[in-house]
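A short worksheet on the structure shown next.
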Amino acid sequence: MSQSFHQTGGWIEVIAGVMFSGKSEELIRRVRRSIIAKKRIQVFKSHLDARYAGIYAISSHDGRTVNAIPADSAAQIAQQIDPMAQVVAIDEAQFLDNGIIPLVTSLASRGRRVILAGTDTDFRGEPFGPMPSLMAIAEVVDKLHAICVLCGGPASRNQRLIGGQPAPYDSPTIMVGGTESYEARCRMCFSMPPKDPGQASLL
Ligand code: ADP
Ligand code: ZN
């Protein structure tokens, strides 16, 4: 797939989908193959806490490794870009600000291959952060699915549970230090209590 863009300079690839759909696995697969191709590569990951720092390292069979650089904003990525990097990979792109859109556009127009992975919908099933725009400007978009934990079908929703119960619509998009958990679910098995219980009768 990516071979076809080699003559045209840079391009943008987006790996989108729900949690547990294998976006990170796919990103790592592409990064590993770029390492095998002896490309100069940088990997960024937003919301990279200390627990991940040692784990999120990608190595090839010939022993070359790439560590993910933590970055919580597009500006932090821009500051740390290696001008010689041929491939720039960014995981958890949904948490970044809209500054990521001009940044990856600029990188691609200067000949870089940019690979972004991110959750395309939030716990409400609505577009998440810069993901819709990134999917629109990308040359290539892959939308992955997880397995619905209730029915075993293809899952396209992130079910947020608080205390084992479906989270209401008005809980924050990004919960900091929360005790919530997530399940991959399909559209039919997804449950979203309305913000105002009275709204349910409008549908
Ligand atoms: P993502 O980056 O999309 O959150 P990861 O690449 O981190 O996904 O993890 C994908 C892995 O999650 C799968 O290979 C599988 O082992 C595991 N997994 C756990 N729950 C599920 C599920 N409901 N559907 C699919 N894979 C799941
Ligand atoms: Zn289901």
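Computed values, structure above
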read-out	value
Theoretical ellipticity at 222 nm over the chain - DSSP helices of four or more residues, -39500 (n - 2.57) apiece, nearest 500	-5500 deg cm²/dmol
Among beta bridges that DSSP assigns inside the stretch 74-192, antiparallel share in %, nearest 5	70 percent
Carbon plus sulfur fraction of accessible area for the chain, probe 1.4 Å, in percent	55 percent
Stokes-Einstein D in µm²/s, Kirkwood radius over Cα pairs - the chain at 37 °C with 0.692 mPa s viscosity	182 µm²/s
Förster-model FRET efficiency, 22 Å R0, Leu161 and His47, C-beta, rounded to 0.05	0.65
Label point distance in nm, Glu180-Ser73, each placed 7 Å from Cα along Cα→Cβ	2.4 nm
Degrees, to the nearest 10: 23-36 long Cα axis against longest axis of the chain	10 degrees
Rounded tilt (10° steps) of 100-109 against the dominant C-alpha axis of the chain	30 degrees
Potential extension, Val141-Arg29 segment - 0.36 nm per residue separation minus Cα distance	38.7 nm
The stretch 2-144: antiparallel DSSP beta bridges as a percent of all, rounded to 5	15 percent
Gain upon complete extension [Ser133, Arg64; 0.36 nm per residue less C-alpha separation]	21.5 nm
Cα-centred dipole magnitude for the chain, charges only on beta-carbon of K, R (+1) and D, E (-1), debye, nearest 20	700 debye
In the stretch 136-195, trypsin sites (Lys or Arg not before Pro) in a DSSP loop with at most 12 other beta-carbon atoms within 10 Å	Arg187, Lys195
Set of aspartates and glutamates with alpha-carbon distance to Lys39 below 17 Å, sequence-local pairs under 8 removed	Glu13, Asp62, Asp82
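The values are calculated or read from the model by the stated rules, or taken from the named source; none is laboratory data. Because the structure is predicted, anything quoted here is derived from the model rather than measured. Positions of Cβ are generated from backbone atoms using ideal geometry, with glycine treated the same way; all protein chains shown enter the neighbour counts. Keep in mind that these areas ignore ligands, DNA and RNA; they rest on the heavy atoms of the full protein, side chains included. Shrake-Rupley method; radii C 1.70, N 1.55, O 1.52, S 1.80 Å.
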